[in-house]
Amino acid sequence: MNRVVEQVRALHRLEPADNDSAAAVRVAVSVALPSLLLLAAGRTDLIIYAVFGGLTAMYGRSSPHLLRLRHQGRAAGMLLGGVAVGIVLSANHLQSWWLVGVEATLAGAGSVYADRMRLKPAGPFFGILALGACASVPAAVPWFVALLIASGSAALSLAVGQAGRLAPAGRRRTSPEPAAAGRTGRRELLIHAARYVLAVGAAGSVGVISGSGHPHWAMAAAAVPLAGADLPSSVRRGIHRIVGTFVGLAVTAAVILPGPWSVAALVPGNEAVLLALLVIVFQFATELFMTRHYGLAMVWFTPVILLMTQLAAPADPTVLIAERAVETLVGALVGIAVVVAVRRPGTRSPAALLGLARRARH
């Protein structure tokens, strides 16, 4: 019983800080510079591509510079691959079941890639999020222009990640890379990838059948619990995703819903400028909490996704918020169900169910 209580308490526990401010600044700069250039050019509808390229800066946050460069280069490949596939789907008007099939397949392939490359944050989540988001907005520019924007942001992220080398302290190895725990077996890799295919495919199917305009949100939410190290942490991530998203939707509503209370109403005629600036601010806040409390990170990442979607393809904000709520709930529950039903090898014991096996290894 004490172990169960401990897992419940972990839902609201704030993990120790780990140089979060520096990591958040790197991500904010990587997103802000290309976004501000697009804002100055009057193309806020293209900020979505800059943001996904800039998310490269989220990887290798605690690694020494050389290892960070390596990790971020690998992550950039996954993110830009997702953006590229999403652009192709959008340009060819391949939505609905096409999107579900392609995204579920690449979720499995991305899982193997992320596990092999030992990416942190773990899993293919941001790659398939980029794929679904870019596929869901109209292609406002030629495909190569959109991909060039994302690639430029990714390249900037690599440069920003190495900027600390200019300082004397940055040239010292201050954050040793933890020793690898051994290669993941092929069978475990394939089982984990199959879980992604099943969860993402099932959640997307529910989204399509329900008539949602954004089934990719359900698919992305379904991938979240699968990144957990064990069953308790997986369930916790799913709960954080749901609760954090719902609070984040309240923040989003305060920004974009019409009415005198709306933040956007404070700057009539310049709503797009405000939304673009808020994307940068909220992305900084997201990274500030990403490793400390996933639910708090989702409070700020939710408006990032909705605001840049609104910039790229304006829609009824009430419908947008409602669909985000429903799709997140469905996707996270599907992801939790798959985690419970399809276990990793060696995780069926009572100790593993409560996360005790992983604790013993550490």
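The values are calculated or read from the model by the stated rules, or taken from the named source; none is laboratory data. Quantities reported herein were computed from a predicted structural model and do not represent experimental measurements. All Cβ positions, even for glycine, are placed from backbone atoms using ideal geometry, and neighbour counts span all protein chains on display. Each accessible area value is taken on the protein alone, full model and side chains, heavy atoms only, with ligands, DNA and RNA left out. Shrake-Rupley method; radii C 1.70, N 1.55, O 1.52, S 1.80 Å.
Let's see how each residue does on (1) within 15 Å of the chain's Cα centre (by Cα); (2) under 18 Å from Leu80 (Cα atoms); (3) buried (at least 22 other Cβ atoms within 10 Å of the Cβ); (4) free of Cβ contacts under 8 Å to residues at least 40 places away in the same chain:
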site: Val25; (1), (2), (3), (4): no, no, no, no
site: Ser30; (1), (2), (3), (4): no, yes, yes, no
site: Pro34; (1), (2), (3), (4): no, yes, yes, no
site: Ala41; (1), (2), (3), (4): no, no, no, yes
site: Ala50; (1), (2), (3), (4): yes, yes, yes, no
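List, please: which pairs have Cβ atoms under 7 Å, are six or more places apart or on different chains, and start with a residue in region 270-292 that is assigned to a helix (DSSP H, G or I) and end with one that is among the acidic types (Asp, Glu)?
So the pair list comes out as Leu288/Asp20.
Tell me whether region 82-94 contains one or more residues that are buried (at least 19 other Cβ atoms within 10 Å of the Cβ), in a loop (DSSP other than H, G, I, E, B) and touching a residue at least 24 places away in the same chain (Cβ under 8 Å).
no
Residue by residue through region 217-236, note down the ones that are buried (at least 24 other Cβ atoms within 10 Å of the Cβ) and not small (Gly, Ala, Ser).
Scanning region 217-236 gives Trp217, Met219, Val224, Pro225, Leu226.
Checking Val326 against (1) modelled with pLDDT under 95; (2) open to solvent by 30 Å² or more (accessible area, probe 1.4 Å); (3) under 16 Å from Thr252 (Cα atoms), which test does it fail?
Failed condition: (1).
Let's see how each residue does on (1) open to solvent by less than 30 Å² (accessible area, probe 1.4 Å); (2) touching a Phe, Trp or Tyr at 6+ places or on another chain (Cβ under 7 Å); (3) more than 15 Å from Thr309 (Cβ to Cβ):
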{"position": "Gly238", "(1), (2), (3)": "yes, no, yes"}
{"position": "Gly248", "(1), (2), (3)": "yes, yes, no"}
{"position": "Ile256", "(1), (2), (3)": "yes, no, no"}
{"position": "Ala265", "(1), (2), (3)": "no, no, yes"}
{"position": "Val281", "(1), (2), (3)": "no, no, yes"}
{"position": "Phe284", "(1), (2), (3)": "no, no, yes"}
{"position": "Thr291", "(1), (2), (3)": "no, no, yes"}
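Six or more apart or on different chains, Cβ atoms under 7 Å: show the pairs whose first residue is in region 312-332 and under 28 Å from Ala146 (Cβ atoms) and whose second is outside any helix (DSSP H, G or I) and open to solvent by less than 20 Å² (accessible area, probe 1.4 Å).
If the second residue must be outside any helix (DSSP H, G or I) and open to solvent by less than 20 Å² (accessible area, probe 1.4 Å), the pairs left are Ala312/Val137; Ala313/Val137.
Which of the residues spanning region 220-247 are under 13 Å from the mean Cα position of the chain (by Cα) and not in a helix (DSSP H, G or I)?
Scanning region 220-247 gives a single hit, Val224.
If a residue counts only when it is at pLDDT below 80 and not β-branched (Val, Ile, Thr), which helices (runs of 4 or more DSSP H) contained entirely in region 2-58 have at least 3 such residues? Outline the logic, then answer.
Values: elements: 2-9, 20-40, 47-54.
It comes to 2-9.
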